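Below is one structure, written out as C-alpha coordinates; the observations come after it.
The values are calculated or read from the model by the stated rules, or taken from the named source; none is laboratory data. The model shown is predicted, which means the values in this text are computed figures rather than measured ones. No Cβ is skipped: glycine too gets one built from the backbone with ideal geometry, and neighbour counts run over all protein chains shown. Side chains are part of the model used for accessible areas, which takes the heavy atoms of the whole protein and leaves out ligands, DNA and RNA. Shrake-Rupley method; radii C 1.70, N 1.55, O 1.52, S 1.80 Å.
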Amino acid sequence: MTSHEEIARPPVYESDEAALERAGKKEVLKREWGFFAILMFSTVSVCTWEATSAVFVSAYTNGGPASVVYGFIVAITGNFAIAASFAEMASISPIAGAQYHWTAEHSPPKLRAFLSWAQGWITVIAWQAAIASVYFLCASMTQGLVIFNNPSYVPERWHTTLLMIALGGLAVMGCTVGKALLPFWESLAGSLHVILFFIITVAILITSDKADNRAVWATFVNDGGWPSDGISFCLGFLTPAFSLGGADTIVHMAEETKHAAINIPRAIVASAIINGVCGFVYIVAILYSIVDVEAVLTNGIATGYPIIEVFHQATRNSSAAVAMMCGPILIFFMAGFGGAASAGRLTWAFARDHGLPMSRFLSVITSWNKAPTRALLFNYVVLCLLSLINIGSTVALNALISLTVVAFYASYLLPILLFALRRHSKNRLICFGPWRMPEYLGIISNWVAIVYCTFLVIFLSFPPMLPVTALNMNWTSVVFVAVMGFAIVSWFVRGKGRFVGPIIEVGIPDGSSGEAGEGEDKHGSVTKYD
(Lines give C-alpha, C1' and ligand atoms only; values in the text may rest on other atoms or scores of the structure.)
Protein backbone atom coordinates (compact mmCIF):
# COMPACT_ATOMS: atom_id res chain seq x y z
CA MET A 1 0.00 0.00 0.00
CA THR A 2 1.13 3.51 -0.69
CA SER A 3 2.34 5.33 2.43
CA HIS A 4 0.01 7.90 3.95
CA GLU A 5 2.21 10.80 2.88
CA GLU A 6 1.40 10.07 -0.74
CA ILE A 7 -2.35 9.56 -0.49
CA ALA A 8 -4.58 12.40 -1.63
CA ARG A 9 -7.90 10.61 -2.10
CA PRO A 10 -10.64 12.34 -0.11
CA PRO A 11 -11.79 10.34 2.90
CA VAL A 12 -15.38 9.23 3.42
CA TYR A 13 -16.38 9.59 7.06
CA GLU A 14 -19.19 7.08 7.58
CA SER A 15 -18.99 7.51 11.33
CA ASP A 16 -17.00 9.10 14.14
CA GLU A 17 -15.44 5.72 14.79
CA ALA A 18 -14.20 5.56 11.18
CA ALA A 19 -12.72 9.07 11.49
CA LEU A 20 -10.90 8.03 14.66
CA GLU A 21 -9.69 4.82 13.05
CA ARG A 22 -8.05 6.88 10.33
CA ALA A 23 -5.88 8.31 13.08
CA GLY A 24 -5.17 4.76 14.24
CA LYS A 25 -7.15 4.90 17.50
CA LYS A 26 -9.93 2.84 19.07
CA GLU A 27 -13.23 4.31 20.19
CA VAL A 28 -13.04 4.16 24.02
CA LEU A 29 -14.79 7.34 25.15
CA LYS A 30 -18.50 8.14 25.13
CA ARG A 31 -19.60 10.82 22.65
CA GLU A 32 -21.79 13.21 24.65
CA TRP A 33 -21.04 16.58 23.04
CA GLY A 34 -23.30 17.93 20.30
CA PHE A 35 -22.55 21.03 18.22
CA PHE A 36 -24.16 23.63 20.51
CA ALA A 37 -22.49 22.24 23.63
CA ILE A 38 -19.04 22.09 22.02
CA LEU A 39 -19.51 25.57 20.52
CA MET A 40 -20.36 27.01 23.94
CA PHE A 41 -17.44 25.07 25.43
CA SER A 42 -15.08 26.57 22.86
CA THR A 43 -16.52 30.05 23.32
CA VAL A 44 -16.30 30.16 27.10
CA SER A 45 -12.93 28.41 27.32
CA VAL A 46 -11.20 31.40 25.75
CA CYS A 47 -12.84 33.82 28.24
CA THR A 48 -11.83 36.79 26.10
CA TRP A 49 -13.59 39.71 27.76
CA GLU A 50 -13.09 38.19 31.22
CA ALA A 51 -9.35 37.78 30.66
CA THR A 52 -9.21 41.30 29.24
CA SER A 53 -10.68 42.52 32.53
CA ALA A 54 -7.80 40.89 34.40
CA VAL A 55 -4.81 42.04 32.35
CA PHE A 56 -5.76 45.18 30.38
CA VAL A 57 -3.95 47.50 32.78
CA SER A 58 -0.54 46.10 31.80
CA ALA A 59 -0.82 48.06 28.56
CA TYR A 60 -0.64 51.35 30.49
CA THR A 61 3.08 50.73 30.90
CA ASN A 62 3.75 49.64 27.32
CA GLY A 63 1.65 50.87 24.44
CA GLY A 64 -1.28 52.44 26.26
CA PRO A 65 -4.86 52.37 24.96
CA ALA A 66 -3.76 52.61 21.33
CA SER A 67 -1.68 49.46 21.69
CA VAL A 68 -4.62 47.57 23.15
CA VAL A 69 -7.14 48.72 20.53
CA TYR A 70 -4.99 48.18 17.47
CA GLY A 71 -3.29 45.20 19.07
CA PHE A 72 -6.69 43.55 19.40
CA ILE A 73 -7.29 43.97 15.68
CA VAL A 74 -3.98 42.27 14.91
CA ALA A 75 -4.61 39.58 17.55
CA ILE A 76 -8.09 38.83 16.21
CA THR A 77 -6.60 38.35 12.74
CA GLY A 78 -3.78 36.16 14.02
CA ASN A 79 -5.99 34.04 16.23
CA PHE A 80 -8.54 33.55 13.47
CA ALA A 81 -5.70 32.28 11.27
CA ILE A 82 -4.73 29.85 14.05
CA ALA A 83 -8.35 28.74 14.43
CA ALA A 84 -8.75 28.18 10.70
CA SER A 85 -5.50 26.19 10.54
CA PHE A 86 -6.52 24.08 13.52
CA ALA A 87 -9.97 23.53 12.02
CA GLU A 88 -8.49 21.94 8.90
CA MET A 89 -6.12 19.74 10.90
CA ALA A 90 -8.89 18.76 13.33
CA SER A 91 -11.09 17.73 10.41
CA ILE A 92 -8.31 15.49 9.10
CA SER A 93 -7.57 13.98 12.52
CA PRO A 94 -10.19 14.76 15.20
CA ILE A 95 -8.23 13.31 18.10
CA ALA A 96 -7.56 14.21 21.74
CA GLY A 97 -3.78 14.42 21.24
CA ALA A 98 -4.25 17.33 18.81
CA GLN A 99 -0.98 19.26 18.45
CA TYR A 100 1.46 16.44 19.15
CA HIS A 101 -0.53 14.03 16.99
CA TRP A 102 -0.70 16.52 14.12
CA THR A 103 3.02 17.22 14.50
CA ALA A 104 3.73 13.51 14.05
CA GLU A 105 1.27 13.26 11.17
CA HIS A 106 2.85 16.09 9.16
CA SER A 107 6.51 15.65 10.14
CA PRO A 108 9.16 14.08 7.92
CA PRO A 109 9.38 10.41 9.02
CA LYS A 110 12.92 10.69 10.39
CA LEU A 111 11.96 13.56 12.72
CA ARG A 112 8.49 12.31 13.63
CA ALA A 113 9.23 10.74 17.00
CA PHE A 114 11.38 13.54 18.41
CA LEU A 115 9.20 16.41 17.20
CA SER A 116 6.06 14.70 18.46
CA TRP A 117 7.72 14.11 21.84
CA ALA A 118 8.84 17.74 22.17
CA GLN A 119 5.45 19.01 21.02
CA GLY A 120 3.66 16.76 23.50
CA TRP A 121 5.68 18.04 26.43
CA ILE A 122 5.23 21.69 25.39
CA THR A 123 1.47 21.24 25.10
CA VAL A 124 1.07 19.30 28.35
CA ILE A 125 3.08 21.85 30.32
CA ALA A 126 1.24 24.75 28.64
CA TRP A 127 -2.02 23.27 29.84
CA GLN A 128 -0.73 22.70 33.37
CA ALA A 129 0.24 26.37 33.50
CA ALA A 130 -3.07 27.38 31.93
CA ILE A 131 -5.14 25.55 34.55
CA ALA A 132 -3.05 27.13 37.31
CA SER A 133 -3.52 30.58 35.76
CA VAL A 134 -7.32 30.20 35.52
CA TYR A 135 -7.66 29.24 39.17
CA PHE A 136 -5.14 31.83 40.30
CA LEU A 137 -7.09 34.55 38.51
CA CYS A 138 -10.38 33.26 39.88
CA ALA A 139 -9.01 33.07 43.44
CA SER A 140 -7.11 36.37 43.39
CA MET A 141 -10.01 38.25 41.77
CA THR A 142 -12.27 36.93 44.53
CA GLN A 143 -9.72 38.10 47.08
CA GLY A 144 -9.62 41.52 45.39
CA LEU A 145 -13.38 41.76 45.67
CA VAL A 146 -13.15 41.00 49.40
CA ILE A 147 -10.55 43.76 49.80
CA PHE A 148 -12.81 46.19 47.94
CA ASN A 149 -15.74 45.41 50.26
CA ASN A 150 -13.69 45.18 53.45
CA PRO A 151 -10.58 47.40 53.47
CA SER A 152 -9.63 46.06 56.91
CA TYR A 153 -9.15 42.57 55.50
CA VAL A 154 -5.50 41.57 55.41
CA PRO A 155 -4.90 39.37 52.34
CA GLU A 156 -2.57 36.44 52.78
CA ARG A 157 -1.03 34.45 49.97
CA TRP A 158 -2.12 31.19 51.56
CA HIS A 159 -5.73 32.36 51.28
CA THR A 160 -5.32 32.44 47.51
CA THR A 161 -3.64 29.04 47.52
CA LEU A 162 -6.43 27.39 49.52
CA LEU A 163 -9.06 28.90 47.23
CA MET A 164 -7.17 27.63 44.16
CA ILE A 165 -7.08 24.13 45.62
CA ALA A 166 -10.79 24.24 46.52
CA LEU A 167 -11.88 25.50 43.10
CA GLY A 168 -9.70 22.95 41.33
CA GLY A 169 -11.19 20.18 43.47
CA LEU A 170 -14.72 21.21 42.50
CA ALA A 171 -13.75 21.15 38.83
CA VAL A 172 -12.29 17.64 39.11
CA MET A 173 -15.47 16.44 40.81
CA GLY A 174 -17.49 17.97 37.99
CA CYS A 175 -15.32 16.20 35.40
CA THR A 176 -15.54 12.80 37.08
CA VAL A 177 -18.59 12.34 39.31
CA GLY A 178 -20.60 14.92 37.38
CA LYS A 179 -19.22 14.11 33.93
CA ALA A 180 -22.66 13.42 32.44
CA LEU A 181 -23.73 16.97 33.30
CA LEU A 182 -20.58 18.61 31.88
CA PRO A 183 -22.05 19.36 28.41
CA PHE A 184 -25.00 21.14 30.06
CA TRP A 185 -22.63 22.98 32.43
CA GLU A 186 -20.42 24.26 29.61
CA SER A 187 -23.48 25.16 27.50
CA LEU A 188 -24.72 27.25 30.43
CA ALA A 189 -21.27 28.76 30.92
CA GLY A 190 -20.98 29.71 27.24
CA SER A 191 -24.43 31.24 27.23
CA LEU A 192 -23.65 33.29 30.37
CA HIS A 193 -20.33 34.31 28.80
CA VAL A 194 -22.22 36.00 25.95
CA ILE A 195 -25.17 37.28 28.04
CA LEU A 196 -23.01 38.86 30.74
CA PHE A 197 -20.84 40.46 28.07
CA PHE A 198 -23.88 42.32 26.75
CA ILE A 199 -25.17 43.24 30.21
CA ILE A 200 -21.87 44.59 31.55
CA THR A 201 -20.84 46.34 28.34
CA VAL A 202 -24.20 48.07 27.92
CA ALA A 203 -24.27 49.03 31.62
CA ILE A 204 -20.81 50.60 31.37
CA LEU A 205 -21.68 52.54 28.24
CA ILE A 206 -24.95 53.84 29.73
CA THR A 207 -23.73 54.84 33.19
CA SER A 208 -20.16 56.06 32.68
CA ASP A 209 -18.76 59.42 31.75
CA LYS A 210 -16.89 59.12 28.48
CA ALA A 211 -13.26 59.72 27.66
CA ASP A 212 -12.64 61.58 24.41
CA ASN A 213 -11.82 59.76 21.20
CA ARG A 214 -8.16 60.72 21.33
CA ALA A 215 -7.73 59.09 24.75
CA VAL A 216 -8.92 55.78 23.31
CA TRP A 217 -7.66 55.70 19.74
CA ALA A 218 -4.59 57.93 19.75
CA THR A 219 -2.99 57.70 23.19
CA PHE A 220 0.32 55.88 23.12
CA VAL A 221 2.38 55.21 26.25
CA ASN A 222 6.02 54.17 26.58
CA ASP A 223 6.72 54.11 30.31
CA GLY A 224 8.73 50.91 30.21
CA GLY A 225 12.01 52.66 29.48
CA TRP A 226 12.36 51.14 26.02
CA PRO A 227 14.36 53.19 23.51
CA SER A 228 11.95 52.21 20.74
CA ASP A 229 8.24 52.98 20.74
CA GLY A 230 7.81 50.03 18.41
CA ILE A 231 9.10 47.59 21.03
CA SER A 232 6.85 49.16 23.66
CA PHE A 233 3.87 48.82 21.32
CA CYS A 234 4.67 45.15 20.68
CA LEU A 235 4.93 44.42 24.41
CA GLY A 236 1.42 45.80 24.83
CA PHE A 237 0.20 42.74 22.94
CA LEU A 238 0.12 40.75 26.18
CA THR A 239 -3.50 41.77 26.80
CA PRO A 240 -5.04 40.60 23.50
CA ALA A 241 -2.65 37.63 23.19
CA PHE A 242 -3.55 36.34 26.64
CA SER A 243 -7.24 37.10 26.17
CA LEU A 244 -7.58 35.26 22.86
CA GLY A 245 -5.39 32.21 23.56
CA GLY A 246 -6.77 28.68 23.87
CA ALA A 247 -7.87 27.74 20.36
CA ASP A 248 -7.01 24.09 20.95
CA THR A 249 -9.27 23.58 23.98
CA ILE A 250 -12.11 21.69 22.34
CA VAL A 251 -9.89 19.64 20.04
CA HIS A 252 -8.80 17.62 23.08
CA MET A 253 -12.50 16.72 23.49
CA ALA A 254 -12.79 15.49 19.90
CA GLU A 255 -13.10 11.83 20.84
CA GLU A 256 -16.22 12.66 22.86
CA THR A 257 -17.84 14.94 20.25
CA LYS A 258 -20.52 13.80 17.83
CA HIS A 259 -19.59 14.28 14.15
CA ALA A 260 -16.24 15.59 15.36
CA ALA A 261 -14.65 16.00 11.91
CA ILE A 262 -17.30 18.62 11.13
CA ASN A 263 -18.45 20.00 14.48
CA ILE A 264 -15.01 20.62 15.99
CA PRO A 265 -13.80 22.78 13.05
CA ARG A 266 -17.06 24.72 12.90
CA ALA A 267 -16.98 25.40 16.64
CA ILE A 268 -13.33 26.52 16.59
CA VAL A 269 -13.94 29.03 13.81
CA ALA A 270 -17.29 30.26 15.17
CA SER A 271 -15.91 30.79 18.67
CA ALA A 272 -12.92 32.70 17.26
CA ILE A 273 -15.35 35.10 15.60
CA ILE A 274 -17.59 35.42 18.68
CA ASN A 275 -14.71 36.03 21.09
CA GLY A 276 -12.92 38.38 18.73
CA VAL A 277 -15.98 40.61 18.39
CA CYS A 278 -16.84 40.46 22.10
CA GLY A 279 -13.27 41.14 23.20
CA PHE A 280 -12.81 44.13 20.91
CA VAL A 281 -16.15 45.75 21.76
CA TYR A 282 -15.57 45.19 25.48
CA ILE A 283 -12.09 46.72 25.60
CA VAL A 284 -13.25 49.76 23.63
CA ALA A 285 -16.15 50.21 26.09
CA ILE A 286 -13.74 49.89 29.04
CA LEU A 287 -11.31 52.45 27.61
CA TYR A 288 -14.10 54.94 26.92
CA SER A 289 -15.32 54.59 30.51
CA ILE A 290 -11.93 55.46 32.06
CA VAL A 291 -11.95 59.20 32.65
CA ASP A 292 -9.49 59.17 35.56
CA VAL A 293 -6.58 56.91 34.71
CA GLU A 294 -4.62 57.77 37.86
CA ALA A 295 -7.52 56.77 40.12
CA VAL A 296 -7.89 53.46 38.29
CA LEU A 297 -4.19 52.67 38.59
CA THR A 298 -3.83 53.87 42.19
CA ASN A 299 -6.97 52.30 43.63
CA GLY A 300 -6.32 49.15 41.65
CA ILE A 301 -3.10 48.53 43.60
CA ALA A 302 -5.01 47.65 46.77
CA THR A 303 -7.28 45.04 45.15
CA GLY A 304 -4.78 43.90 42.55
CA TYR A 305 -7.40 44.37 39.82
CA PRO A 306 -7.98 47.93 38.52
CA ILE A 307 -11.05 46.67 36.64
CA ILE A 308 -12.95 46.88 39.95
CA GLU A 309 -12.22 50.61 40.08
CA VAL A 310 -13.24 50.93 36.43
CA PHE A 311 -16.64 49.43 37.26
CA HIS A 312 -16.90 51.65 40.34
CA GLN A 313 -15.89 54.75 38.42
CA ALA A 314 -18.35 53.95 35.62
CA THR A 315 -21.39 53.24 37.82
CA ARG A 316 -20.52 55.42 40.86
CA ASN A 317 -21.99 52.61 42.93
CA SER A 318 -20.05 50.06 45.01
CA SER A 319 -22.77 47.41 44.87
CA ALA A 320 -22.99 47.69 41.10
CA ALA A 321 -19.19 47.37 40.83
CA VAL A 322 -19.26 44.24 42.99
CA ALA A 323 -22.07 42.73 40.90
CA MET A 324 -20.17 43.43 37.66
CA MET A 325 -16.97 41.94 39.04
CA CYS A 326 -18.82 38.76 39.96
CA GLY A 327 -19.41 38.24 36.22
CA PRO A 328 -15.82 37.45 35.15
CA ILE A 329 -15.19 35.53 38.38
CA LEU A 330 -18.22 33.32 37.75
CA ILE A 331 -17.24 32.66 34.12
CA PHE A 332 -13.64 31.86 35.06
CA PHE A 333 -14.93 29.38 37.64
CA MET A 334 -17.33 27.69 35.22
CA ALA A 335 -14.79 27.65 32.38
CA GLY A 336 -12.32 25.99 34.73
CA PHE A 337 -14.38 22.80 34.57
CA GLY A 338 -13.97 22.61 30.81
CA GLY A 339 -10.30 23.50 31.03
CA ALA A 340 -9.72 20.70 33.53
CA ALA A 341 -11.59 18.27 31.27
CA SER A 342 -9.58 19.28 28.20
CA ALA A 343 -6.24 19.12 30.02
CA GLY A 344 -7.19 15.70 31.40
CA ARG A 345 -7.87 14.36 27.90
CA LEU A 346 -4.55 15.70 26.67
CA THR A 347 -2.65 14.08 29.54
CA TRP A 348 -4.49 10.81 28.95
CA ALA A 349 -3.84 10.92 25.19
CA PHE A 350 -0.12 11.55 25.58
CA ALA A 351 0.10 8.75 28.15
CA ARG A 352 -1.82 6.49 25.73
CA ASP A 353 1.05 7.01 23.30
CA HIS A 354 3.68 6.32 26.00
CA GLY A 355 4.80 9.96 26.17
CA LEU A 356 4.62 10.47 29.94
CA PRO A 357 6.04 8.79 33.02
CA MET A 358 3.50 6.37 34.56
CA SER A 359 1.86 6.03 31.14
CA ARG A 360 0.19 2.73 31.98
CA PHE A 361 -1.40 4.28 35.06
CA LEU A 362 -2.45 7.56 33.44
CA SER A 363 -3.86 6.02 30.25
CA VAL A 364 -6.64 4.11 32.01
CA ILE A 365 -10.25 4.97 31.20
CA THR A 366 -12.41 4.24 34.26
CA SER A 367 -15.45 2.20 33.32
CA TRP A 368 -17.92 3.77 35.77
CA ASN A 369 -17.82 7.17 34.06
CA LYS A 370 -15.94 6.51 30.79
CA ALA A 371 -13.47 9.27 31.70
CA PRO A 372 -9.67 9.54 32.14
CA THR A 373 -10.16 9.86 35.91
CA ARG A 374 -6.54 9.11 36.80
CA ALA A 375 -5.23 11.76 34.40
CA LEU A 376 -7.67 14.30 35.85
CA LEU A 377 -6.57 13.49 39.40
CA PHE A 378 -2.91 13.66 38.36
CA ASN A 379 -3.46 17.13 36.91
CA TYR A 380 -5.22 18.17 40.12
CA VAL A 381 -2.20 17.07 42.16
CA VAL A 382 0.01 19.15 39.87
CA LEU A 383 -2.32 22.15 40.37
CA CYS A 384 -2.11 21.75 44.15
CA LEU A 385 1.69 21.63 44.01
CA LEU A 386 1.87 24.68 41.73
CA SER A 387 -0.52 26.62 43.98
CA LEU A 388 1.84 26.06 46.92
CA ILE A 389 4.44 28.15 45.09
CA ASN A 390 2.24 31.17 45.75
CA ILE A 391 2.76 30.81 49.51
CA GLY A 392 6.47 31.30 49.07
CA SER A 393 6.38 33.86 46.28
CA THR A 394 3.65 35.33 44.12
CA VAL A 395 6.39 36.47 41.74
CA ALA A 396 7.45 32.86 41.23
CA LEU A 397 3.87 31.74 40.56
CA ASN A 398 3.32 34.65 38.17
CA ALA A 399 6.48 33.59 36.32
CA LEU A 400 5.05 30.12 35.88
CA ILE A 401 1.65 31.43 34.83
CA SER A 402 3.20 33.85 32.35
CA LEU A 403 4.57 30.73 30.68
CA THR A 404 0.98 29.97 29.62
CA VAL A 405 0.83 32.45 26.75
CA VAL A 406 4.26 31.69 25.28
CA ALA A 407 3.88 27.92 25.68
CA PHE A 408 0.41 27.97 24.11
CA TYR A 409 1.53 29.86 21.03
CA ALA A 410 4.70 27.78 20.78
CA SER A 411 2.51 24.67 20.82
CA TYR A 412 0.47 26.15 17.96
CA LEU A 413 3.49 27.13 15.89
CA LEU A 414 5.12 23.76 15.18
CA PRO A 415 2.13 21.75 13.86
CA ILE A 416 0.91 24.66 11.72
CA LEU A 417 4.42 25.14 10.29
CA LEU A 418 4.74 21.45 9.44
CA PHE A 419 1.22 21.44 7.98
CA ALA A 420 2.04 24.46 5.80
CA LEU A 421 5.30 22.94 4.57
CA ARG A 422 3.50 19.73 3.71
CA ARG A 423 0.94 21.70 1.69
CA HIS A 424 3.79 22.94 -0.50
CA SER A 425 5.24 19.46 -1.01
CA LYS A 426 4.32 17.65 -4.20
CA ASN A 427 5.47 14.32 -2.78
CA ARG A 428 3.55 14.47 0.52
CA LEU A 429 0.01 15.33 -0.47
CA ILE A 430 -2.61 15.80 2.25
CA CYS A 431 -5.82 13.82 2.54
CA PHE A 432 -8.11 16.58 3.83
CA GLY A 433 -11.14 16.00 6.00
CA PRO A 434 -14.71 17.09 5.26
CA TRP A 435 -14.06 20.66 6.52
CA ARG A 436 -11.50 22.67 4.63
CA MET A 437 -10.94 26.09 3.15
CA PRO A 438 -10.15 26.95 -0.46
CA GLU A 439 -6.49 26.14 -0.99
CA TYR A 440 -5.31 29.74 -1.29
CA LEU A 441 -7.13 30.76 1.91
CA GLY A 442 -5.72 27.76 3.72
CA ILE A 443 -2.16 28.65 2.73
CA ILE A 444 -2.65 32.31 3.70
CA SER A 445 -4.15 31.32 7.07
CA ASN A 446 -1.26 28.96 7.80
CA TRP A 447 1.44 31.53 7.14
CA VAL A 448 -0.36 34.36 8.93
CA ALA A 449 -0.65 32.06 11.95
CA ILE A 450 3.03 31.13 11.72
CA VAL A 451 4.17 34.75 11.59
CA TYR A 452 1.82 35.73 14.41
CA CYS A 453 2.88 32.87 16.71
CA THR A 454 6.57 33.54 16.04
CA PHE A 455 6.07 37.23 16.82
CA LEU A 456 4.37 36.45 20.16
CA VAL A 457 6.86 33.81 21.26
CA ILE A 458 9.66 36.35 20.76
CA PHE A 459 8.12 39.54 22.17
CA LEU A 460 6.15 38.10 25.06
CA SER A 461 9.42 36.84 26.52
CA PHE A 462 10.72 40.42 26.87
CA PRO A 463 10.75 42.05 30.35
CA PRO A 464 8.02 44.70 30.77
CA MET A 465 10.46 47.52 31.48
CA LEU A 466 14.07 48.64 31.65
CA PRO A 467 16.30 48.43 33.60
CA VAL A 468 15.62 44.80 34.40
CA THR A 469 15.53 43.79 38.06
CA ALA A 470 14.63 40.58 39.87
CA LEU A 471 11.15 41.99 40.53
CA ASN A 472 10.27 43.15 37.02
CA MET A 473 12.09 40.40 35.16
CA ASN A 474 9.92 38.40 32.77
CA TRP A 475 10.86 34.87 33.76
CA THR A 476 8.88 33.33 30.92
CA SER A 477 11.90 32.77 28.70
CA VAL A 478 13.86 31.21 31.57
CA VAL A 479 11.03 28.86 32.51
CA PHE A 480 10.33 27.99 28.87
CA VAL A 481 13.98 27.20 28.17
CA ALA A 482 14.06 25.09 31.33
CA VAL A 483 10.97 23.20 30.18
CA MET A 484 12.45 22.59 26.75
CA GLY A 485 15.72 21.53 28.33
CA PHE A 486 13.85 19.03 30.48
CA ALA A 487 11.98 17.69 27.43
CA ILE A 488 15.23 17.24 25.49
CA VAL A 489 17.04 15.57 28.38
CA SER A 490 14.08 13.28 29.06
CA TRP A 491 14.06 12.36 25.36
CA PHE A 492 17.59 10.97 25.62
CA VAL A 493 16.98 9.43 29.04
CA ARG A 494 13.66 7.66 28.46
CA GLY A 495 12.15 8.74 25.15
CA LYS A 496 14.63 7.84 22.45
CA GLY A 497 14.15 4.27 21.32
CA ARG A 498 10.94 3.89 23.34
CA PHE A 499 8.66 6.69 22.17
CA VAL A 500 7.73 6.22 18.51
CA GLY A 501 5.08 8.90 18.12
CA PRO A 502 1.32 8.22 18.12
CA ILE A 503 0.89 4.47 18.06
CA ILE A 504 -1.55 2.45 15.98
CA GLU A 505 -4.26 0.67 17.96
CA VAL A 506 -6.39 -0.48 15.03
CA GLY A 507 -5.97 -1.34 11.38
CA ILE A 508 -6.35 1.75 9.23
CA PRO A 509 -8.92 1.52 6.41
CA ASP A 510 -7.58 1.47 2.88
CA GLY A 511 -7.50 4.90 1.26
CA SER A 512 -7.34 6.89 4.47
CA SER A 513 -4.17 7.61 6.34
CA GLY A 514 -2.14 4.70 5.04
CA GLU A 515 -0.18 1.99 6.78
CA ALA A 516 1.82 2.49 9.91
CA GLY A 517 4.83 4.48 8.81
CA GLU A 518 8.28 4.88 10.25
CA GLY A 519 8.09 5.60 13.96
CA GLU A 520 4.68 3.99 14.44
CA ASP A 521 3.71 0.89 16.40
CA LYS A 522 1.21 -1.71 15.14
CA HIS A 523 1.08 -3.68 18.34
CA GLY A 524 -1.59 -1.80 20.27
CA SER A 525 -1.46 0.60 23.18
CA VAL A 526 -1.79 0.79 26.94
CA THR A 527 -5.34 2.19 26.81
CA LYS A 528 -7.63 -0.07 28.81
CA TYR A 529 -10.55 -0.20 31.20
CA ASP A 530 -10.12 -0.94 34.87
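Between the amide H of His354 and any residue lying 5 or more places away or on another chain, no distance stays under 5 Å, with hydrogens modeled in the peptide plane.
The lysines whose alpha-carbon is closer than 30 Å to the alpha-carbon of Lys370, local same-chain residues fewer than 8 away aside, are Lys25, Lys26, Lys30, Lys179, Lys258, Lys522, Lys528. Residues Val134, Val177, ordered by accessible area of protein heavy atoms at a 1.4 angstrom probe radius and largest first, appear as Val177, Val134.
Within the same chain, lysines fewer than 8 places from Lys426 are excluded, and of the rest, those with a Cα less than 20 Å from its Cα are Lys110. Among residues other than Glu294 whose Cβ falls under 14 Å from its Cβ, what is the net charge (Lys/Arg +1, Asp/Glu -1)? Surrounding charge for Glu294 is -3.
Could you work out the local net charge near Gly34, counting Lys and Arg as +1, Asp and Glu as -1, over the other residues with Cβ closer than 15 Å to its Cβ?
On the way: positive: Lys30, Arg31, Lys258, Arg266; negative: Asp16, Glu32, Glu186, Glu255, Glu256.
Overall, the nearby charge balance is -1.
Across the stretch 326-333, rounded Karplus estimates of 3J(HN,Hα) from the backbone phi angles (6.51 cos²θ - 1.76 cosθ + 1.60, θ = phi - 60°) give 5, x, x, 5, 4, 5, 4, 4 Hz, Gly and Pro being marked x.
Amide H contacts under 5 Å for Trp226: Leu466, restricted to partners 5 or more places along the chain or on a different chain, H placed in the peptide plane at 1.01 Å from N. The figure for Glu17 is an accessible area of roughly 100 square angstrom, using a 1.4 Å probe on the protein chains alone. For the chain, the solvent-accessible area works out to 37 Å² per residue, with a probe of 1.4 Å and every protein chain left in place.
Dividing the helix sum by the residues of the chain, where each DSSP H run of 4 or more adds -39500 (n - 2.57), gives a mean residue ellipticity at 222 nm of -21500 deg cm²/dmol.
About its Cα centre, the dipole of the chain is roughly 800 debye, where the only charges are +1 on Lys and Arg Cβ and -1 on Asp and Glu Cβ. For the stretch 129-283, the square roots a ≥ b ≥ c of the C-alpha gyration tensor eigenvalues yield an a/c of 1.5 or more together with a/b not exceeding b/c, which makes the shape oblate.
If DNA, RNA and ligands are ignored and the probe is 1.4 Å, what is the ranking of Asp223, Asp16, Asp229 by accessible area, most exposed first? Walk me through the numbers before you get to the answer.
On the way: Asp223 110, Asp16 30, Asp229 90 Å².
I get Asp223, Asp229, Asp16, largest accessible area first.
Surface composition of the chain: carbon and sulfur make up 69 percent of the accessible area, probe 1.4 Å.
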